[in-house]
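First comes the structure, then the notes that go with it.
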Amino acid sequence: MAATIPAGEFKAKCLKLLDEVAEKRETLVITKHGKPVAQVVPMPVKQTDIVGSMKGSVTILGDIISPIDVEWDAMK
(Lines give C-alpha, C1' and ligand atoms only; values in the text may rest on other atoms or scores of the structure.)
Protein backbone atom coordinates (compact mmCIF):
# COMPACT_ATOMS: atom_id res chain seq x y z
CA MET A 1 0.00 0.00 0.00
CA ALA A 2 1.32 3.44 -0.95
CA ALA A 3 1.95 6.11 1.67
CA THR A 4 -0.26 9.21 1.47
CA ILE A 5 0.50 12.83 2.31
CA PRO A 6 -1.54 16.04 2.14
CA ALA A 7 -0.53 18.46 -0.63
CA GLY A 8 0.45 21.22 1.81
CA GLU A 9 2.81 18.92 3.68
CA PHE A 10 4.21 17.61 0.39
CA LYS A 11 4.91 21.20 -0.70
CA ALA A 12 6.84 21.90 2.51
CA LYS A 13 8.90 18.67 2.37
CA CYS A 14 9.05 18.04 -1.38
CA LEU A 15 12.80 17.48 -1.87
CA LYS A 16 13.14 15.23 1.17
CA LEU A 17 10.11 13.17 0.10
CA LEU A 18 11.46 12.77 -3.44
CA ASP A 19 14.74 11.43 -2.00
CA GLU A 20 12.78 8.97 0.15
CA VAL A 21 10.74 7.72 -2.83
CA ALA A 22 13.95 7.11 -4.78
CA GLU A 23 15.70 5.43 -1.85
CA LYS A 24 12.84 3.23 -0.60
CA ARG A 25 11.43 2.57 -4.11
CA GLU A 26 7.88 3.13 -2.76
CA THR A 27 5.02 5.12 -4.27
CA LEU A 28 3.74 8.29 -2.56
CA VAL A 29 0.16 9.49 -3.07
CA ILE A 30 -0.53 13.22 -2.65
CA THR A 31 -4.01 14.18 -1.45
CA LYS A 32 -6.11 17.36 -1.41
CA HIS A 33 -9.00 17.43 1.04
CA GLY A 34 -8.51 13.70 1.57
CA LYS A 35 -8.84 12.78 -2.12
CA PRO A 36 -5.86 11.48 -4.11
CA VAL A 37 -4.74 13.95 -6.79
CA ALA A 38 -1.21 12.85 -7.70
CA GLN A 39 1.18 9.97 -7.37
CA VAL A 40 4.97 10.08 -7.09
CA VAL A 41 6.58 6.85 -8.24
CA PRO A 42 10.27 5.88 -8.37
CA MET A 43 11.92 5.76 -11.77
CA PRO A 44 12.36 2.24 -13.13
CA VAL A 45 15.80 0.74 -12.60
CA LYS A 46 17.74 0.92 -15.84
CA GLN A 47 18.72 -2.54 -17.06
CA THR A 48 22.40 -2.74 -17.93
CA ASP A 49 23.10 -4.29 -21.32
CA ILE A 50 25.56 -7.16 -20.99
CA VAL A 51 27.04 -6.43 -24.44
CA GLY A 52 29.90 -3.99 -23.96
CA SER A 53 29.53 -3.94 -20.18
CA MET A 54 33.23 -4.71 -19.67
CA LYS A 55 34.49 -2.20 -22.24
CA GLY A 56 37.64 -0.52 -20.99
CA SER A 57 38.22 -3.03 -18.19
CA VAL A 58 40.96 -5.05 -19.92
CA THR A 59 44.51 -3.89 -20.57
CA ILE A 60 46.64 -5.64 -23.18
CA LEU A 61 50.33 -5.80 -22.34
CA GLY A 62 52.67 -6.86 -25.11
CA ASP A 63 52.09 -8.42 -28.50
CA ILE A 64 49.08 -10.75 -28.64
CA ILE A 65 49.24 -11.44 -32.39
CA SER A 66 52.74 -12.79 -33.09
CA PRO A 67 53.39 -16.54 -32.92
CA ILE A 68 54.90 -17.93 -29.75
CA ASP A 69 58.02 -20.08 -29.43
CA VAL A 70 56.31 -22.74 -27.30
CA GLU A 71 54.39 -25.48 -29.12
CA TRP A 72 50.98 -26.29 -27.67
CA ASP A 73 49.31 -29.68 -27.76
CA ALA A 74 46.57 -28.12 -29.87
CA MET A 75 49.12 -27.21 -32.52
CA LYS A 76 50.18 -30.84 -33.07
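Things to note:
- Taking the range 46-76 as the range and being closer than 30 Å to residue 25 by Cβ and not hydrophobic (A, V, I, L, M, F, W, C) as the test, the residues that pass are 46, 47, 48, 49, 52, 53, 55, 56, 57.
- Those residues of the range 39-76 which are β-branched (Val, Ile, Thr) and more than 21 Å from the chain's Cα centre (by Cα), in sequence order: 58, 59, 60, 64, 65, 68, 70
- Considering the range 31-55, the residues that are of a type in the set (Gly, Ala, Ser) and modelled with pLDDT under 85 include one that is farthest from residue 12 (Cα to Cα), namely 52.
- Flag if residue 36 is more than 25 Å from the chain's Cα centre (by Cα) and surrounded by 10 or more Cβ atoms within 10 Å (Cβ to Cβ): yes
- Residue in the range 15-24 that is surrounded by fewer than 12 Cβ atoms within 10 Å (Cβ to Cβ), basic (Lys, Arg) and within 26 Å of the chain's Cα centre (by Cα) present: yes
The values are calculated or read from the model by the stated rules, or taken from the named source; none is laboratory data. Fair warning: this is a prediction, and the values are worked out from it, not measured in the lab. Because the Cβ atoms are built from the backbone with ideal geometry, glycine has one as well, and the counts that use them run over all protein chains shown.
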